[in-house]
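Worksheet for the structure shown next.
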Amino acid sequence: MISLRPATLTDLSEVLPRTRALQDHESIEIDNARLEAGLRQLLGNPGFGGVWLVTRDRQTIGYAIVTFGFDLEFGGREGWLTELWIDADQRTQGAGAAAIEALVPELALRDIKALHLQVRDDNPAMRLYERSGFVASPRTIMTRRLG
């Protein structure tokens, strides 16, 4: 059975190697010190968002990160599923879909009205997200790095 457990700073050693693996897998250039500092900041400030450990039979098999924003279009707080990682040996067994479904009540408790994500067109997880109810937005995400 797949379940979620909110992560805290004491779970840093469970999350950090997995988020490093995700960054490497996605070819995202971020040094270890900056990655750890950002993760510490997120784990220490629930107003920014949340980190959840994905577990199967009480064993950690991945994690999910949702950061929070606000948008009038959705009537309030919104979330961005910025990272979802399932360990390679646990994939294709429904863990990702179960984790997304388990996030829904967690986010409802935090008054999140919409959940967004970004995914590359060539990412096999695109099918997972579509099956989980995500649809392509009629907007283009654009980014300007500020620091």
**Item:** Tally of residues being within 20 Å of Thr92 (Cβ to Cβ), crowded, with 19+ Cβ neighbours inside 10 Å and of a type in the set (Val, Ile, Thr) across region 60-72
**Value:** 1
**Prompt:** Can you name the residue in region 117-135 that is within 16 Å of His25 (Cβ to Cβ) and of a type in the set (S, T, N, Q) and, of all such residues, is modelled with the highest pLDDT?
**Reply:** Gln118
**Complete:** Taking first residues from region 125-143 that are within 19 Å of Arg91 (Cα to Cα) and second residues anywhere that are among the polar types (S, T, N, Q), the pairs with Cβ under 9 Å that are 6 or more apart or on different chains are Tyr129/Asn123
**Item:** Scan of region 73-98 for residues that are aliphatic (A, V, I, L, M), surrounded by fewer than 18 Cβ atoms within 10 Å (Cβ to Cβ) and in contact with a Leu (Cβ under 8 Å, 6 or more places away or on another chain), ordered by number
**Value:** Ala97
**Message:** Which count do you get for residues in region 10-42 that are of a type in the set (A, V, I, L, M, F, W, C), in a helix (DSSP H, G or I) and surrounded by 12 or more Cβ atoms within 10 Å (Cβ to Cβ)?
**Reply:** 8
**Prompt:** So which of Gly76, Gly50, Gly69 is in contact with a Gly (Cβ under 9 Å, 6 or more places away or on another chain) and free of Cβ contacts under 8 Å to residues at least 40 places away in the same chain?
**Reply:** Gly69
**Fill in**
Checked region 96-136 for anything on the phi > 0 side of the Ramachandran plot and among the hydroxyl-bearing types (Ser, Thr, Tyr); matches are none
**Prompt:** Restricting attention to region 56-63, does a residue exist that is at pLDDT 95 or above, under 14 Å from Pro6 (Cα atoms) and small (Gly, Ala, Ser)?
**Reply:** yes
**Matching residues, region 48-59, being surrounded by fewer than 17 Cβ atoms within 10 Å (Cβ to Cβ) and either part of a strand (DSSP E or B) or among the polar types (S, T, N, Q) (or both)** = Gln59
**Asked** Among the numbered criteria (1) surrounded by 15 or more Cβ atoms within 10 Å (Cβ to Cβ); (2) touching a strand residue (DSSP E or B) at 6+ places or on another chain (Cβ under 8 Å), which single criterion is violated by Asp111?
**Response** (1)
**Prompt:** Could you count how many residues in region 114-131 are surrounded by fewer than 16 Cβ atoms within 10 Å (Cβ to Cβ) and not in a loop (DSSP other than H, G, I, E, B)?
**Reply:** 6
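The values are calculated or read from the model by the stated rules, or taken from the named source; none is laboratory data. Source: prediction; values computed, not measured. Cβ atoms come from the backbone with ideal geometry, glycine included; neighbour counts cover every protein chain shown.
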